[in-house]
1. From the residues in the stretch 296-323 that are of a type in the set (S, T, N, Q) and over 14 Å from Asn269 (Cα atoms), which one is surrounded by the fewest Cβ atoms within 10 Å (Cβ to Cβ)?
2. Going by what's in this entry, would Thr137 be described as of a type in the set (Val, Ile, Thr), modelled with pLDDT of 85 or more, within 17 Å of the chain's Cα centre (by Cα) and surrounded by fewer than 15 Cβ atoms within 10 Å (Cβ to Cβ)?
3. For the stretch 68-103, how many residues meet the condition of being assigned to a strand (DSSP E or B) and at pLDDT 70 or above?
4. When the stretch 140-159 is examined, which residues are found to be buried (at least 18 other Cβ atoms within 10 Å of the Cβ) and either touching a helix residue (DSSP H, G or I) at 6+ places or on another chain (Cβ under 6 Å) or assigned to a helix (DSSP H, G or I) (or both)?
5. Has the stretch 161-171 got any residue that is closer than 21 Å to Ile210 by Cβ, touching a residue at least 40 places away in the same chain (Cβ under 8 Å), aliphatic (A, V, I, L, M) and crowded, with 16+ Cβ neighbours inside 10 Å?
6. Wholly within the stretch 222-282, which strands (runs of 3 or more DSSP E) include no fewer than the required count, namely at least 3 residues that are modelled with pLDDT of 90 or more, of a type in the set (A, V, I, L, M, F, W, C) and surrounded by 14 or more Cβ atoms within 10 Å (Cβ to Cβ)?
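The values are calculated or read from the model by the stated rules, or taken from the named source; none is laboratory data. Note that the coordinates shown come from a computational prediction; the quantities given were computed from them, not determined experimentally. No Cβ is skipped: glycine too gets one built from the backbone with ideal geometry, and neighbour counts run over all protein chains shown.
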Amino acid sequence: MAFPNISDIMATTIENRSKKAADNVSKNNALLRKLQMKGKVKPFSGGTKIYQELTFAENSNAGFYSGYDILPVGVSDVISAAEYNIKQAAVPVVISGLEMLQNSGKERMIDLMDTRITVAETTMKNLIAGSLYSDGTGYGGKEIDGLNAAVPTAPNTGVYGGIDRATWNFWRTKLSDQTAANGLDPTKIQGYWNALWAQLVRGTERPDLILVDATVWGVYQASLQTLQRFTSPETGNLGFPSLKFMDADVVLDGGIGGFCPAGTAFFLNCDYLHYRPHSGRNMVPLSPNRRYATNQDAEVQIMAWAGNLTMSGSQFQGRYDANG
């Protein structure tokens, strides 16, 4: 006898596996894994925008005094917030009426759904991982505001997080813009990285993750002498093979299915980056109810996600671009 509640199987299976799916996205992406370890994966529960609080100035009342000097107590406006749109993503899981008939046993139906949902999870994982590098303009402006938006090749222009970089210096990232001839020279790359690194350090704050494509990975690796090469198969317990620059993990994201732009290295301080999924829409079935195609013999369930990547400190982020 055919198992009649295929929509229930799909919805229940997606719901039961939603936390696992969300975890897999984090575990299979070096940036999200680092943010997870630092407690920077922070779901939000509602609102028309995602607001990310930040400080943009020092307290102007600070200063030295002597004896009975009058101390300034004026209001010092030092706190604001960047605002980000809520982006949405979905992967529909579809089964036709013929497939329902062909998978007449309950166990076979579950096997079919398990395979379909596994593919949906992998697809969603790759969709989010790739979108973390986007500039937010893909899919008609519906894509995640990823690293190409947060750490662009033109850091002095454009609006990001609702703040105009041309107006506010504190909201500008740092850029090391090199030609391919120089930027991909193993004898020069470490010097360029040293100079970029120095611009991103403030006291104990410094980059802790450097994401690179396959080309830059190879050049940086070639620049290291045998006894100077420090590999970390655990990548600080991230689980990604890596090299080291200073004490930051240099992670390849340009192999099979890699998404880092060619000729690029992102120097990231993950204390100021945040992954903000919606608490009620993080790899979950969009609706537990049955969804029928109006002109087809088919049923569908939709795995859905909503959120964005946000930033609270632009001046601590840098980009090495060997495409200039």
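1. Per the criteria, the residue is Gln296.
2. Criteria met by Thr137.
3. 14
4. Answer for the stretch 140-159, where residues must be buried (at least 18 other Cβ atoms within 10 Å of the Cβ) and either touching a helix residue (DSSP H, G or I) at 6+ places or on another chain (Cβ under 6 Å) or assigned to a helix (DSSP H, G or I) (or both): Glu143, Ile144, Gly146, Leu147, Asn148, Ala149, Ala150.
5. no
6. By residue number, 248-252, 264-268.
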